[in-house]
Amino acid sequence: MPTHLQLVNRTLSELGRLAVASITESPDAQQASAKLLELEPELYLAYNWSFLVKFVLDNTPLTFNFSPDYSYTYQLPGDFGQFFKWQATGSQWPIYEITDGYILAQTKPIGYYYIVNQADPEVYTPLFARALVLYAAAKLAPTLTNNVQLASYLQKEHDKMLAKAIVENDMIGNPHFATPYNDFSRITFV
């Protein structure tokens, strides 16, 4: 999977610029790097990417209680981007609220999945990486190339690639979704 420098070089290539050996080698590379870092969290939250989901089982609530309406207060992880889902426990879903960097809950322990807000590019799928590169190139095209038509073209290509990345994510099979048992979905051959 790609490194950050490889993503920068791919972005520069989309803009008709030469590849670099180091991000500090050219102002264009520095702008591409900054734009990629700026846009990554936005794409992380565009969909529930299976490669960005983390699970937490927290059995240690904080010593202070943030709200009198809830029995326990838990600290959110530092790389928390957005909530994904609660751990399946067989009972009712926990009563909770997420506020000001905390999870307020009535249960102990709590288990939940979340989407991260930062990740190494090495975990990206090829289609996600391509969508990110096209998105960054589309945003940089007006300033680096002074070509609005190129920016529009790159944006359309990004939209198509993002749709493909979503389909790929769903086809790989998201292990965080359980398929319900269904008698009618079984096929038998005689």
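The values are calculated or read from the model by the stated rules, or taken from the named source; none is laboratory data. Here the structure is a predicted model, which means the values were calculated and not measured. Reconstructed Cβ throughout: ideal geometry from the backbone, glycine too, with neighbour counts over all protein chains shown. All accessible areas refer to the heavy atoms of the entire protein, side chains included, with ligands and DNA or RNA removed. Shrake-Rupley method; radii C 1.70, N 1.55, O 1.52, S 1.80 Å.
Here are the numbers for this structure:
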quantity: Matching residues in region 12-29 - criterion: being surrounded by fewer than 15 Cβ atoms within 10 Å (Cβ to Cβ) and outside any loop (DSSP other than H, G, I, E, B); calculated: 13, 24, 25, 27
quantity: Some residue of region 45-53 being closer than 30 Å to residue 136 by Cα and of a type in the set (Val, Ile, Thr); calculated: yes
quantity: Extreme residue, nearest to the chain's Cα centre (by Cα), among residues of region 31-48 that are open to solvent by 70 Å² or more (accessible area, probe 1.4 Å) and not acidic (Asp, Glu); calculated: 45
quantity: Residues located in region 51-77, provided they are among the polar types (S, T, N, Q) and either open to solvent by 30 Å² or more (accessible area, probe 1.4 Å) or at pLDDT 90 or above (or both); calculated: 59, 60, 63, 65, 71, 73, 75
quantity: Residues (closer than 18 Å to residue 142 by Cα, within 27 Å of the chain's Cα centre (by Cα) and of a type outside the set (A, V, I, L, M)) located in region 10-30; calculated: 10, 11, 13, 14, 28, 30
quantity: Failed criterion for residue 90 (all others in (1) at pLDDT below 85; (2) open to solvent by 70 Å² or more (accessible area, probe 1.4 Å); (3) under 26 Å from residue 125 (Cβ atoms) hold); calculated: (3)
quantity: Any hit, region 1-13, residues being free of Cβ contacts under 8 Å to residues at least 12 places away in the same chain and of a type in the set (A, V, I, L, M, F, W, C); calculated: no
quantity: Residue ID - farthest from residue 43 (Cα to Cα), chosen from residues in region 149-189 that are among the acidic types (Asp, Glu) and modelled with pLDDT under 95; calculated: 183
quantity: 1 or more residues among the small types (Gly, Ala, Ser): qualifying strands (runs of 3 or more DSSP E) within region 63-176; calculated: 80-86, 102-105, 110-116
